[in-house]
Amino acid sequence: MNNNWIFAHKTYNKEKRASIEPVFTLGNGYMCCRGFFDEEQSGILSLGGIYMAGIFGPARYTPWKGKGRELVNTPNFYSTKIFADNEAVIADEGKVSDFQIQLDMKTPKLNRSYIWTGSNGNKLRLEFERFISGSDLHTAGQKISITPIGCSPKIRIEVGINADVTNLNLVSSEPLPVQPGVKHLNLVYRDSNCILTEIHGYEDIAIAEGQKVYFKTPQNAEGLIHSTDMNCRHIFEYRGIENQSCEIEKIIYVYTSKDGEKDPLSKVKKLLEEEVSYQEKLDEHKAIWDKKWEVSDIVVEGSEEDQISIRYNILQLIQSCPEHNSKLSIGARGLTGEMYEGCIFWDTEIFMLPFFTFTNPKAAQNLLKFRYHTLPEARKHAERNWFKGAMYPWQASEKGIEQTPFGVGAYYSIHIVADIAYSIMEYWNATHDEEFITEAGAEILLETARFWESRVHKNPFSGKYDILAVRGPNEYGVIVNNNLYTNMMAQQNLILAKTLIQLMKEKYPAEWERLKDKVSFSEEEISKWDDIIENITICYNAELDLYEEDDMYLSRVPLDMKKAKPTSKRIIDSTIPYEALMLYQVTKRADVLHLMKNLHWRFTHQQKVNAWKYYVPKTCFDSSLAFSIHAVMAAQIGLQEEAYNYFKVCANFDIRNVLLNTVSGLHFANFGGTWQAVVFGFAGLQVDEYHLKISPNLPRAWKSISFHIWYRGNLLKIYVSQKSTEVYLKHTNGKDICLKVSDTEFILNESNNHIKLSINGDE
């Protein structure tokens with residue numbers, strides 16, 4: 001296999017293991033497994049780290065509404081113990097050599113190997129392999145090989161399922177906490193191959209897991225089946241023979257009471273009766289991923305390091321997406337850690353969704369349907385806060401309930417309402433998914449528009465509509481009035497609702513009448529929206545031709561960022577307390593620039609340049625959400641080298657543990673942002689109501705990029721080099737595609753399925 005499909009570490013450092021483990025996560029959207037070591041026997045690192053979509057237990061914090069809940073660290077089905085002459089074989093420093101851990105992203109599977117040296121001089125070569133099936137959500141696999149080197153020790157291997165685990169409690173930056181977290185699992189049943197546990201206190205959930213174990217060795221071996229407490233284990237003892245390997249292969253099955261199975265334990269037991277090999281399951285898994293990569297991959301020519309990083313970001317996005325269930329979404333840390341308790345933020349719609357929209361529209365539809373399923377709760381949230389329509393929570397549970405703890409300020413972070421509306425129309429422009437827009441999307445747009453109608457305040461002095469007491473993307477603004485991002489996105493929300501109403505009247509009149517009756521819509525509402533659209537406060541300095549982040553930003557105290565942030569630590573952890581930030585011109589992450597990326601058609605090129613020059617020096621980049629937006633904007637205004645530098649940070653964010661908090665889970669908004677940096681930034685892809693646009697801005701480090709996208713039922717391959725841009729129609733729905741490449745218009749269809757435009761404009 002080409003090495004640019006392999007992400008690997010070849011050095012071993014036990015102190016940094018906890019931060020490395022999430023980087024090597026495997027998953028399938030139903031469950032994800034951190035890259036912990038199978039054979040770890042004690043301490044926090046022995047607790048595993050396997051999380052399942054929708055599996056939550058009670059938490060100790062008090063949220064805005066309802067019960068606090070958190071992701072549960074579920075039973076460790078890779079639990080393994082190995083002994084050589086009664087000495088535990090574990091990866092302790094001083095005993096490990098020739099170490100290597102590899103994430104094969106093409107398959108994907110995790111391979112790890114090292115040579116272990118015991119206290120008496122015994123040497124063993126250990127090889128571990130695992131996968132989480134992409135073909136069957138409920139299946140995983142494990143393979144272990146042990147080879148004595150220059151010795152013949154007595155070897156004991158225990159492979160099993162360990163339910164005696166707690167949460168990891170790794171929810172803060174380094175250094176790590178000492179104490180593990182809550183124990184959520186209660187034993188109900190255990191036999192030689194299966195274990196059934198239950199979770200209580202938030203929801204009643206049963207988790208059944210089973211293992212089918214194959215032991216392959218040229219030696220005579222004594223096999224035992226043993227179960228104690230909250231473990232079920234297979235134990236094998238034999239005399240090792242020099243340079244001869246033994247192998248253990250294991251197939252794991254997982255079902256829960258939330259999978260539509262009345263008796264998940266019986267389901268698992270029935271599966272264990274089937275004769276199937278580890279290799280068969282692995283082959284099925286690989287076949288599915290081959291199909292995924294056909295559309296999802298981005299091929300970069302010019303930098304192997306960048307190629308690996310891009311594929312890594314794409315892999316993790318796919319692995320944590322619950323595309324099988326429209327009532328679930330992707331949390332800020334996916335299924336890779338416990339920080340934010342698995343809650344859903346604007347990260348999903350604004351950062352991750354575009355990737356799925358263009359590579360897997362069905363998955364994108366399901367992610368948006370999650371917001372439709374939780375629309376009733378959003379209505380309740382608006383009503384309890386004295387507003388109309390739908391107020392989506394800042395930090396949403398899987399039920400759509402606000403989970404932000406009291407005192408954190410979720411009440412003010414309301415731009416998420418407009419973010420969701422914006423993402424629906426972006427999805428519509430890219431897909432023309434009539435089913436979703438008429439059955440779900442339109443209703444969300446109407447109810448979010450109603451929210452803004454009730455949330456604005458008409459200023460009695462200016463006659464303008466203000467939005468008071470908000471927190472924009474720049475969370476270091478604390479609480480401000482008339483945040484530009486919030487106001488213009490709210491304005492756009494109202495415009496989109498109007499546009500969609502007109503679309504529904506013209507193309508889907510029956511569906512419109514049904515929706516109109518369902519939500520008791522009055523045409524008088526549109527006139528109110530028109531007034532707000534026309535008169536909402538937009539902070540703009542004409543003298544500077546500069547859009548202002550909020551109505552006080554320019555009057556605040558300038559700040560020397562080099563002095564305020566002398567290290568990589570967050571500014572609030574080093575020099576300025578959070579409460580004092582509102583005194584200064586300081587931005588946590590892109591705010592105005594993010595708005596200009598979203599609503600790019602509303603700003604001139606010069607206004608984007610002016611905003612870049614003004615705000616970038618005032619930005620401290622204390623967020624994983626910062627770098628990708630800067631990469632996209634820099635590329636779009638012609639700053640290729642700056643764009644490439646921001647991309648490099650973004651693409652390697654968790655790989656390099658930039659904010660020293662990867663231990664608490666991977667940063668999924670950043671993964672989506674990396675894809676956007678490449679496709680929206682360097683390839684210059686944009687979609688509007690009429691056109692698919694491509695305006696390449698490749699960095700000098702790359703010779704070319706190529707990728708596929710789905711666009712309104714058509715599959716396109718796009719190739720961009722330093723010399724030309726080419727678009728191939730790989731699959732068509734029979735309708736013409738209006739394509740604009742570097743301002744040159746083309747029509748792409750079945751008879752004209754390939755266009756090429758040279759950098760000098762020659763066709």
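When the listed pairs 388/608; 270/327; 388/735; 563/613 are checked against a 31 Å cut-off, the alpha-carbon distance exceeds it for 388/608; 388/735.
Along the range 666-680 the Karplus relation, 6.51 cos²θ - 1.76 cosθ + 1.60 evaluated at θ = phi - 60°, assigns HN-Hα couplings of 6, 9, 6, 4, 5, 4, x, x, 4, 4, 5, 4, 6, 7, 7 Hz to successive residues, with x for each Gly and Pro. When each of the peptides 304-314, 664-674 is scored by the mean number of other C-beta atoms lying within 10 Å of its residues, the order from highest to lowest reads 664-674, 304-314.
Distances between placed amide hydrogens fall under 5 Å for residue 683 paired with 697, all partners being 5 or more residues away or on another chain. The angle separating the long axis of helix 375-384 from the principal Cα axis of greatest extent in the chain is about 60 degrees. For the range 604-611, the Karplus equation 6.51 cos²θ - 1.76 cosθ + 1.60, evaluated at θ = phi - 60°, returns couplings of 6, 4, 5, 5, 5, 5, 4, 5 Hz by residue, with Gly and Pro reported as x.
Just the Cα atoms of the range 706-763, one point each, no solvent: what log10 I(q)/I(0) does Debye give at q = 0.28 Å⁻¹? The computed values of log10 I(q)/I(0) come out as -1.23. Where does the charge balance sit around residue 381 when Lys and Arg score +1, Asp and Glu -1, over other residues with C-beta under 10 Å from its C-beta? Spelling it out: positives minus negatives among the neighbours equals +1.
The Cβ shell under 13 Å around residue 474 holds other residues with a net charge of -1, Lys and Arg each +1, Asp and Glu each -1. A compact globular protein would have a Cα radius of gyration near 2.2 N^0.38 Å; the ratio found for the range 297-682 is 0.95. Neighbours of residue 727, meaning other residues whose beta-carbon lies under 9 angstrom from its beta-carbon, give a summed charge of +1 when Lys and Arg score +1 and Asp and Glu score -1. For the range 352-362, 3J(HN,Hα) computed residue by residue from phi via the Karplus equation (6.51, -1.76, 1.60; θ = phi - 60°) reads 8, 3, x, 4, 6, 4, 8, 10, 8, x, 5 Hz, glycine and proline entered as x. Here the sum of -39500 (n - 2.57) over DSSP H runs of 4 or more residues, divided by the residues of the chain, equals -8500 deg cm²/dmol at 222 nm, to the nearest 500. Rounded to the nearest 20, the size of the Cβ-charge dipole of the chain about its Cα centre is 900 debye, with Lys and Arg at +1 and Asp and Glu at -1. With 0.36 nm allotted per residue and the present C-alpha distance subtracted, the residue 166-residue 750 stretch has 204.5 nm of extension available. Each Cα pair under 8 Å and six or more residues apart adds its separation to the average, and for the range 7-293 the resulting relative contact order is 18 percent.
When the inverse distances between all different Cα atoms of the range 323-442 are averaged and flipped, the Kirkwood radius reads 14.5 angstrom. With contacts taken as Cα pairs under 8 Å and at least 6 residues apart, the range 555-654 reaches a relative contact order of 27 percent. About the Cα centre, and with charges only on the beta carbon of Lys, Arg (+1) and Asp, Glu (-1), how big is the dipole of the range 7-293? Nearest 20 debye, please. Dipole magnitude for the range 7-293 comes out near 560 debye. Measuring against 30 Å, Cα to Cα, the residue pairs 464/498; 16/250; 250/717 contain 250/717 as the ones spanning a longer distance. Relative to the longest principal axis of the Cα atoms of the chain, helix 640-651 runs at roughly 40 degrees. Non-local lysine pairs in the range 105-186, meaning eight or more places apart or on different chains, with alpha-carbon distances under 25 Å, amount to 5. Which whole-number percent of Cα pairs in the range 105-160 have a distance greater than 16 Å? It works out to 55 percent of all Cα pairs. The angle between the Cα long axis of helix 278-296 and the main principal axis of the chain comes to about 20°, on a 0 to 90 degree scale.
Under 13 Å of direct C-alpha separation, and excluding same-chain neighbours fewer than eight residues apart, residue 380 reaches these aspartates and glutamates: 402, 447. Peptides 459-468, 414-423, 647-656, 123-132 ranked from most to least packed give 414-423, 647-656, 123-132, 459-468, packing being the mean of other C-beta atoms within 10 angstrom over each peptide's residues. Working ranking of peptides 47-59, 507-519 by packing, defined as the average number of other Cβ atoms within 10 Å per residue, highest first, is 47-59, 507-519.
May I ask for the percentage of alpha-carbon pairs in the range 7-293 that lie more than 23 Å from each other? Distances greater than 23 Å cover 55 percent of the Cα pairs. Panel order for 702, 428, by other beta carbons found within 10 Å of each beta carbon, from fewest to most: 702, 428. Dipole of the chain computed with +1 at Lys/Arg Cβ and -1 at Asp/Glu Cβ about the Cα centre; of 634, 378, 679, farthest Cα towards the positive end is 634. All C-alpha to C-alpha distances of the range 1-150, sorted into 10 Å bins beginning at zero, yield P(r) values of 10, 36, 32, 16, 5, 1, 0 percent in whole numbers. The charge dipole of the range 297-682, taken about the Cα centre with unit charges on the Cβ atoms of Lys, Arg (+1) and Asp, Glu (-1), comes to about 660 debye, rounded to the nearest 20.
Throughout, read-outs are computed from the coordinates displayed, never taken from laboratory work. The model shown is predicted, which means the values in this text are computed figures rather than measured ones. Don't worry about glycine lacking a Cβ; one is built from the backbone with ideal geometry, like all the others, and counts go over all protein chains shown.
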